[in-house]
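The values are calculated or read from the model by the stated rules, or taken from the named source; none is laboratory data. These figures come from a predicted structure and were not determined experimentally. Cβ atoms come from the backbone with ideal geometry, glycine included; neighbour counts cover every protein chain shown. Ligands, DNA and RNA are stripped out before the accessible areas are found, and what is left, the full protein with its side chains, is counted by its heavy atoms. Shrake-Rupley method; radii C 1.70, N 1.55, O 1.52, S 1.80 Å.
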Amino acid sequence: MNISEITKKYGFGFSKKFGQNFIGDEGLLKAIVDDAEVCENDVVLEIGAGAGTLTREIAKRAKRVVSFEIDRDLEPILSDVLRDCDNVEIVYDDVTKWSDEEIADVVGGRFKIVANLPYYITTPLLFKFLCGKFDLVSATLMVQKEVAERICAAPGTRDYGALTVSVGIRGKARLKRIVGREKFTPAPNVDSAIVRVDTERKYDPDTLVALDALIRGAFAMKRKTLVNNIRSAYGMSATKARDVLAEAGLSASVRAEEVDEDGFMRLCAAIREGRTDK
Ligand code: SAM
């Protein structure tokens, strides 16, 4: 579908504030739905219907689609583009104003997320949906390329950091494809990528809280060693910090960006158990 034509037909003006960069390329729309592996029994939550091009592609393959759209000015376009899709419900509202319970209610059970996200709310939305309170199978998201690279980075690489580990403890993240800026109307200033996170309940809620605190502390100061960051975060002596690292099988000179998820889990357990002396 030609985005310029349909938006012109309805006199629609793109809003930068809402991150409105739409996709019309049929091949790309199909590829995103392929990446999400949407099937006929799936309920899909989309954030940001835009001109409804992705919504329509999802609706062809899913049982039901619930799509949030903050901008009421898109209503005439969406009514036109989605006129044949009786399995789509558009919620004209700001998704960030909805509680977890309200969203779970409108979706009504197990679901997948597929979204070309407005970039200004990517990270809060990602963590909102990965909080463990939803019956979420996976989230297939168009995000800024740099964010995708950070989410999917390997330990020891430049992009590996708090975002990587925080997502990694909640699911398996995969970078599915890079999408050039020219694929959007209007074209943004950055390239994008599709990331898919398959949720996994590896840790109980208390462990997740402890791991989040550890990750925040461990990456607080990039140039410091893990021992020093742990000392500051937990108010430990140098000896105790070295002991908990040793207990977790980590060297005293290691930096947080070299430690994989298992390493953080072992370190978290060592800190929580407080097996070593102060
Ligand atoms: N899905 C469409 C596509 O792929 O062409 C549009 C994607 S566009 C990047 C993001 C959409 O999210 C815009 O239509 C914007 O109005 C909408 N949006 C922005 N902030 C929102 C919010 N807080 N709640 C719901 N929708 C929002």
For this session: Please give the length that would be gained between residue 2 and residue 63 if that part of the chain were fully extended, namely 0.36 nm times their separation in residues minus their C-alpha to C-alpha distance (nm, one decimal).
Result: 19.3 nm
For this session: Run the dipole for region 205-274 about the Cα centre, Lys and Arg Cβ at +1, Asp and Glu Cβ at -1, nothing else charged, and hand back the magnitude in debye, nearest 20.
Result: 460
For this session: Any of 183/224; 60/183; 9/60; 97/240; 9/183 with alpha carbons more than 32 Å apart? Name them for me.
Result: 183/224; 97/240
Seminar exercise, completed: Using the Cα gyration tensor of region 205-274, the equivalent ellipsoid's semi-axes, largest first and to the nearest Å, work out to 16, 13, 12
Exercise. Ratio of Rg to Rh for the chain, alpha carbon only, Kirkwood?
Worked result: 1.05
Exercise. Restricting to the chain, what percent of DSSP beta bridges are antiparallel, rounded to 5?
Worked result: 50
Seminar exercise, completed: For the chain, dividing by residue count, accessible area per residue (probe 1.4 Å) in Å² works out to 47
Exercise. Which of the listed residues, 227, 79, 47, is farthest toward the dipole's positive end in the chain, when Lys, Arg count +1 and Asp, Glu count -1 at the beta-carbon?
Worked result: 227
For this session: Kindly sort 221, 142 by accessible area of their heavy atoms, largest first, with the probe set to 1.4 Å.
Result: 221, 142
Seminar exercise, completed: Heads up, region 129-224 by the C-alpha gyration tensor (a ≥ b ≥ c square roots of eigenvalues; a/c under 1.5 rounded, else a/b over b/c prolate, else oblate) looks oblate
Problem set entry | Accessible area of residue 204 in the full protein assembly, 1.4 Å probe (Å², nearest 10) | 80
Problem set entry | Given charges at beta-carbon only (K, R positive; D, E negative), |dipole| of the chain in Debye | 1080
Problem set entry | Extension gain from residue 105 to residue 157, taking 0.36 nm per residue of separation minus the Cα-Cα distance | 14.7 nm
Exercise. For residue 14 and residue 123, what is the calculated FRET efficiency with R₀ set at 25 Å and r taken between the beta-carbons, to the nearest 0.05?
Worked result: 0.60
Seminar exercise, completed: Carbon and sulfur atoms account, in whole percent of the 1.4 Å probe accessible area of region 3-199, for 47
For this session: Based on the mean of other Cβ atoms within 10 Å per residue, sort peptides 111-122, 18-29 so the most packed one is first.
Result: 111-122, 18-29
Exercise. So which GluC sites (Glu not before Pro) in region 38-104 are both in a DSSP loop and have at most 16 other Cβ atoms within 10 Å of their Cβ?
Worked result: 40
